[in-house]
Amino acid sequence: MLAAVVASLVVVFPPQVSPARSRPSLVRPVPGWVVRRPEEAERVVAAVCRRAGRTVGITTGLAGAGGFGKTTLAQVVCADRRVRRRFKGRVYWVTVGRDVRGREAVAAKVCETAKLITGDEKQFTDPLAAGQYLGRLLKDEPRMLLVLDDVWEAEQLEPFLIGGSGCVRLVTTRRPGLLSGAVESVRVDRMSRDQAERVLTWELDRPLDRRVLEGLLAATGSWPLLLRLVNRLLVAAADTGQPVLEAGRDILERLAAIGPRAADDLHGVPADLDLNDPEQRKKAASATIRASIDRLAGEGAVRLDELGIFAEDEGVPVALVLDLWQATAGMDSAYGRQLCKKMGDLSLLVLNSEQETVSLHDVVRDFLRDRLGSDRLAAVNARFLDVVAGRLAAATPMAERVPVPAMAWWDLDRDCSFPPGEEPPYLWDHLVEHLLAAGREDEADAVAGDVRWVAARLRRFGPVAPFADLSRVPTERARSLAGGLARATHLLTPTDPPDSVVDVLHSRLHHEPAWAGQVTEAQAALSTRTRLVNRWPLPDVPDPAIRRVLTGHTGSVRAVAIAPDGSWLASAGGDGTVRIWDTATGAERTRLTARAGEMRAVAIAPDGSWLASAGGDGTVRIWDTATGAERTRLTARAGGMRAVAIAPDGSWLASAGGDGTVRIWDTATGAERTRLTARAGHTGSWRAVAIAPDGTWLASTSDYDYDRTVRIWDTATGAERTRLTGHAGHTSPVWAVAIAPDGSWLASAGDDGRVRIWNTTTATERTRLTGHTDSVQAVAIAPDGSWLASAGGDGTVRIWDMATGTVRTRLTGHTGSVQAVAIAPDGSWLASAGDDGTVRIWDTATERTRLTGHTDSVRAVAIAPDGSWLASASTSTSTSDYDGTVRIWDTTTGAERTRLTGHTDSVRAVAIAPDGSWLASAGGDGTVRIWDMATGAERTRLTARTARTGEMRAVAIAPDGSWLASAGGDGTVRIWDMATGAERTRLTGHAGHAGSVWAVAIAPDGSWLASAGGDGRVRIWDMATGAVRTRLTGHAGSVWAVAIAPDGSWLASAGGDGTVRIWDMATGTVRTRLTGHTGSVQAVAIAPDGSWLASAGGDGTVRIWDTTTINTSCKATMRVASPLSSCSLGANGSMVALAGNAGLYLFDLTGAVVR
């Protein structure tokens, strides 16, 4: 043990020197009774100080045995001056423990650690993703020691070992097998004779009789846990006046009578306890604990048993213990506190008087739970819950057919301000566990699945906490709700103001069918608070078809293949590994590492017993999927391999590579059978290869720009049968090919963004599938041939109906190009992999209705004066297809009214006339176009008279509508007459902008305008003279947006430095600097009455600021899943429209911003 220590979530040793980042810490002092174990301590100190980036383990040779002093030894090491000096006080302690079970709980522990060390609050529900992120954070941190105490499972340890070259990990575990050969391990088992005697006799004023002493040492096996318990028994006896010698004899007789050596002759030489025998260890522990319990007067033993319902090694508030005992025995608090102290004195529990908590060592807790038995354990949990529930009101129903908890458990504690270092309230973290332990599964399901509980947990403890609650409940409803919550977790980090994180939660869950009804009711209950509420469906909601996201690769994932029985899949990545994943659990089964550069392709044998991988080193490796061993290595030595496919009977495989050949290999002998190459062959690297269902032919493609063909080869003769090309063929390199199950057709895909379907008999093109907005990197065909899946550089996977040639489903979620796709044998799901380092598993039957429209990022948005419609403008980022349109949307229904086409490049800005009868758009084609809103026709095209104009990036219309201002890449602002279309004035010259102009706004009276640009300045121009009135300087980077208050007395600017600045127009000075955005601020808009403003930026947030006070404060925040670039407000200030990379957002602003 040596002692059970209060297991706080995370503990920090205070730095000896002032660190760059000051954080609260909680000292874990070494207990005064601890006996130093110098040999082990020296070995650990030397190991952790040797060099950074290593892992050191403290373990025991007895698997599963606790209480040997591993934790205490780690404390001694951390307190060592050499260690403190080596790490400059940067020593962090994380207690893991047996109760941290499951992926979500482990991920939460990793996230807590990241927050503790770096202050970063990003959340993950996948432990390996969390570990990778922690590793990246640690890479930038100074040298440190991270203690991982009481690790039980490999899944708990693995995420903490990723990256962080300057971080030394010190791991304590009772399971030696968890520590690999690369970990330097120090074993801590039984104490030496001298050490054991010093623990046993600590604080005794009289020596023990030698025979009694030897008997006690033998009976305890020099096990530190038992030594400490016996020592406390001796001290307690002495405190009551019993002679130490007499007490020692009594204890020894008691242990002999009920311990593992009950038949031994006490008058002879006592036999040592055999600690290698788990049964003897258990009996010895039970005997010692029972002897300690006998010291408790009256009903003390029964009350101690009841503490077995609580979590192990975790601080339980004394107040809860007293509540329990009052309910079960009518015990008053004074007597209850005395009993707690007595139990602590006997080392049956640890009483932390400062924190007012008690905790149980896991050995003691296990003993108590065995004594309780399953029925009594459930009954005591039920009594405990009933007494807590008695202080709460009954819960009110939410939506129809939604289970209602009996009590309003979310009101457990309305105060969410915890002192630094103090643990969260016990009940918040363990309520669901207690409900399940009491046999109240329905109540656990109702609580964990109630959006009010989720909001309360989220607000206090972050998104992983409510997700973990749902994951503990074994019901189908909880599983479904957890899936919806998981899709929102990455956006649920803390907000300013804190309550806004609940608004983000509601925003994301509103589109989840399992949550929607509750969310609507919950939002209605918050009607008085300032917040943003979805008016339209969100364009960035993760697809509900997603089943699971597999993370672990540390680079792009290039290929994916699914086992014949669908129970596992293999992925190949740029990190040089092939990973085998369990498709049911998402767990990584095996990692195949060749140390041969990136892995580019993978294929699985028909019987699933082996797989083939191909890599950049020009080899194909055959791996045994049961053992993970490399069976064979096929070497071409002719450029990197890019593709591999296995014949239907598994007797041969084909590989394609950078030398322009396809090689056919015998899988039994490893010999090359055939090489497909000729003057008629592909030029450049071979990119893809697929084998026909009967194995008589194969298809290959090339990534060379001037090839653009798919070639069919006879596998028996090596001759080219057919070449699919011609006027109807691909117009750029072909990246992928797949063959239909009956072999009658194949699909090819390429850099032109299209999928083509070919008849393999006639070599003619049947169908052309168009929709991807970038290159198509992969294609796979369903087992029944009725549909196919394509994946591309636009980050989407599309499912196509082969009968109609239309898109059934568009799967979104990848944050980079999708490189690979594979379909399960039964066709019910598919796997995709990409540059974001993830493998994603999708349900192929799920469909979703999505607000459609722009096919690329939305750059600008403006709301009409009457609020009934809005206009959005799109950029063009794709070479295969572009949007470049202005679209008109009905703000009530979200329907597209009109589409304005004409720009030949991206549309960067849009503005609506004061009377709403026309609008202006500015684009990358260097024009401003005026559109009639009644007809949708282009009225006028404004084109500058100079070829140096470049793209137009901003446009604003005068209050009377008689002129407008445009600005662009040439650093000038142009004033245009709306009646004639002529350029009135050009604002430029020595006083003008030194770079691109990104924004322009016109004063309410039209007498001046403000422009802002890449030079970091805002310029105020006099419209009568064209001269610069004022130059506002302060931003540390480009100024992306500017807006003017309704009375013209101030303006707001937003910049790349992450700030919004409010300027006094009379003095030209900064009134207020608004900070909070964690990235560039791209947009700013001011309310019609000037009392508040909205800002939006690259961090994916929009923030509402009260501008009526000197210390302007943020009143509401909404977070979305992509960067934002434009913001517009409705005429009455109740609507907020946003444009961003994912599309168009429209929110209602509810509650008064200014009160």
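The values are calculated or read from the model by the stated rules, or taken from the named source; none is laboratory data. Keep in mind that this is a model prediction, so the values were computed, not measured. Backbone-built Cβ (ideal geometry, glycine too); neighbour counts: all protein chains shown.
Against the definition (assigned by TED's automatic domain parsing to the domain that holds residue 1001 and under 21 Å from residue 1008 (Cβ atoms)), how does residue 913 come out, yes or no?
Values: assigned by TED's automatic domain parsing to the domain that holds residue 1001: yes; under 21 Å from residue 1008 (Cβ atoms): yes.
Answer is yes for this residue.
So for region 790-808 (the condition being within 14 Å of residue 550 (Cβ to Cβ), assigned to a loop (DSSP other than H, G, I, E, B) and in contact with a strand residue (DSSP E or B) (Cβ under 6 Å, 6 or more places away or on another chain)), does at least one residue qualify?
Of region 790-808, the ones within 14 Å of residue 550 (Cβ to Cβ) are none.
Taking every residue of region 790-808 in turn, none turns out to be within 14 Å of residue 550 (Cβ to Cβ), assigned to a loop (DSSP other than H, G, I, E, B) and in contact with a strand residue (DSSP E or B) (Cβ under 6 Å, 6 or more places away or on another chain).
Out of all the residues in region 538-550, is one or more under 16 Å from residue 819 (Cβ atoms) and buried (at least 21 other Cβ atoms within 10 Å of the Cβ)? Even if it seems obvious, please write down each step before you answer.
Restricting attention to region 538-550, the residues satisfying the condition of being under 16 Å from residue 819 (Cβ atoms) are 549-550.
Adding the requirement that they be buried (at least 21 other Cβ atoms within 10 Å of the Cβ) leaves 550.
For region 538-550, residues under 16 Å from residue 819 (Cβ atoms) and buried (at least 21 other Cβ atoms within 10 Å of the Cβ): present.
Does region 498-519 include one or more residues that are of a type in the set (Ser, Thr, Tyr) and in contact with a strand residue (DSSP E or B) (Cβ under 7 Å, 6 or more places away or on another chain)?
Taking every residue of region 498-519 in turn, at least one turns out to be of a type in the set (Ser, Thr, Tyr) and in contact with a strand residue (DSSP E or B) (Cβ under 7 Å, 6 or more places away or on another chain).
Name every residue in region 309-368 that is under 19 Å from residue 297 (Cα atoms) and touching a Phe, Trp or Tyr at 6+ places or on another chain (Cβ under 6 Å), in order of residue number.
Selection gives 324, 331, 336.
Enumerate the pairs (first residue in region 724-742 and not assigned by TED's automatic domain parsing to the domain that holds residue 778; second residue anywhere and modelled with pLDDT of 95 or more) with beta-carbon separation below 6 Å, excluding pairs fewer than 6 apart on the same chain, so at least 6 apart or on different chains.
none
Suppose we filter region 502-521 for residues that are aliphatic (A, V, I, L, M), surrounded by fewer than 22 Cβ atoms within 10 Å (Cβ to Cβ) and in a helix (DSSP H, G or I); how many remain?
Restricting attention to region 502-521, the residues satisfying the condition of being aliphatic (A, V, I, L, M) are 502, 504-505, 509, 514, 516, 519.
Okay, now just the ones that are also surrounded by fewer than 22 Cβ atoms within 10 Å (Cβ to Cβ), so 514, 516.
Narrowing the set further to residues that are in a helix (DSSP H, G or I) leaves 516.
Qualifying residue count, region 502-521: 1.
If you take the residues in region 1122-1155 that are touching a Pro at 6+ places or on another chain (Cβ under 7 Å) and among the polar types (S, T, N, Q), which one is surrounded by the fewest Cβ atoms within 10 Å (Cβ to Cβ)?
If we take residues in region 1122-1155 being touching a Pro at 6+ places or on another chain (Cβ under 7 Å) and among the polar types (S, T, N, Q), then 1132 is surrounded by the fewest Cβ atoms within 10 Å (Cβ to Cβ).
If the requirement is being without any contact (Cβ under 8 Å) to a residue 24 or more places away in the chain and of a type in the set (Gly, Ala, Ser), which of these qualifies: 966, 1007, 996, 1053? It would help to see each step written out before you state the result.
Details: 966 fails: without any contact (Cβ under 8 Å) to a residue 24 or more places away in the chain; 996 fails: without any contact (Cβ under 8 Å) to a residue 24 or more places away in the chain; 1053 fails: without any contact (Cβ under 8 Å) to a residue 24 or more places away in the chain.
So the residue among 966, 1007, 996, 1053 that is without any contact (Cβ under 8 Å) to a residue 24 or more places away in the chain and of a type in the set (Gly, Ala, Ser) is 1007.
Can you name the residue in region 434-458 that is modelled with pLDDT under 95 and under 23 Å from residue 316 (Cβ atoms) and is also nearest to the chain's Cα centre (by Cα) among such residues?
457
For residue 832, indicate whether it is modelled with pLDDT of 95 or more, part of a strand (DSSP E or B), among the polar types (S, T, N, Q) and within 20 Å of residue 586 (Cβ to Cβ).
On the way: modelled with pLDDT of 95 or more: yes; part of a strand (DSSP E or B): yes; among the polar types (S, T, N, Q): yes; within 20 Å of residue 586 (Cβ to Cβ): yes.
Against the criterion (modelled with pLDDT of 95 or more, part of a strand (DSSP E or B), among the polar types (S, T, N, Q) and within 20 Å of residue 586 (Cβ to Cβ)), residue 832 qualifies.
Return the residues of region 197-217 that are crowded, with 19+ Cβ neighbours inside 10 Å and not β-branched (Val, Ile, Thr); say none if nothing qualifies.
197, 200, 208, 215, 216, 217
Any residue in region 545-572 that is within 17 Å of residue 606 (Cβ to Cβ) sitting within a Cβ distance under 8 Å of a residue that is in a strand (DSSP E or B) and among the acidic types (Asp, Glu)? List the pairs, counting only those 6 or more apart or interchain.
Within 8 Å, the pairs are 567/582; 568/582.
Any residue in region 157-165 that is surrounded by 24 or more Cβ atoms within 10 Å (Cβ to Cβ), in contact with a strand residue (DSSP E or B) (Cβ under 6 Å, 6 or more places away or on another chain) and assigned by TED's automatic domain parsing to the domain that holds residue 43?
yes
Here is a yes/no grid of residues against (1) exposed (fewer than 15 other Cβ atoms within 10 Å of the Cβ); (2) modelled with pLDDT of 95 or more; (3) assigned by TED's automatic domain parsing to the domain that holds residue 965:
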residue: 983; (1), (2), (3): no, no, yes
residue: 987; (1), (2), (3): no, no, yes
residue: 994; (1), (2), (3): yes, no, yes
residue: 1011; (1), (2), (3): no, yes, yes
residue: 1021; (1), (2), (3): no, yes, yes
residue: 1036; (1), (2), (3): yes, no, yes
residue: 1047; (1), (2), (3): yes, yes, yes
residue: 1063; (1), (2), (3): no, yes, yes
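Of everything in region 407-428 that's in a helix (DSSP H, G or I) and at pLDDT 90 or above, which residue is surrounded by the fewest Cβ atoms within 10 Å (Cβ to Cβ)?
Here is the first cut: in region 407-428, the ones in a helix (DSSP H, G or I) are 409-411, 426-428.
Subsequent filtering for residues that are at pLDDT 90 or above retains 409-411, 427-428.
Details: 409: 25, 410: 21, 411: 14, 427: 17, 428: 20.
Here the residue is 411.
Can you pull out the residues in region 206-249 that are at pLDDT 80 or above, of a type outside the set (A, V, I, L, M, F, W, C) and either within 18 Å of residue 361 (Cα to Cα) or within 57 Å of the chain's Cα centre (by Cα) (or both)?
Across region 206-249, the qualifying residues are 214, 215, 228, 231, 232, 248.
If residue 347 meets every condition in (1) touching a Gly at 6+ places or on another chain (Cβ under 7 Å); (2) buried (at least 19 other Cβ atoms within 10 Å of the Cβ); (3) at pLDDT below 90 apart from one, which number is that one?
Of (1) touching a Gly at 6+ places or on another chain (Cβ under 7 Å); (2) buried (at least 19 other Cβ atoms within 10 Å of the Cβ); (3) at pLDDT below 90, only one is false for residue 347: (1).
Against the condition modelled with pLDDT of 95 or more and either part of a loop (DSSP other than H, G, I, E, B) or touching a Phe, Trp or Tyr at 6+ places or on another chain (Cβ under 6 Å) (or both), how does residue 816 come out, does it pass?
Working: modelled with pLDDT of 95 or more: no; either part of a loop (DSSP other than H, G, I, E, B) or touching a Phe, Trp or Tyr at 6+ places or on another chain (Cβ under 6 Å) (or both): yes.
The answer is no for residue 816.
So for region 645-654 (the condition being surrounded by fewer than 17 Cβ atoms within 10 Å (Cβ to Cβ), part of a loop (DSSP other than H, G, I, E, B) and under 34 Å from the mean Cα position of the chain (by Cα)), does at least one residue qualify?
Taking every residue of region 645-654 in turn, none turns out to be surrounded by fewer than 17 Cβ atoms within 10 Å (Cβ to Cβ), part of a loop (DSSP other than H, G, I, E, B) and under 34 Å from the mean Cα position of the chain (by Cα).
Part of a loop (DSSP other than H, G, I, E, B) and at pLDDT below 85, is that true of residue 628? Break it down stepwise before answering.
Values: part of a loop (DSSP other than H, G, I, E, B): yes; at pLDDT below 85: no.
It is false that residue 628 is part of a loop (DSSP other than H, G, I, E, B) and at pLDDT below 85.
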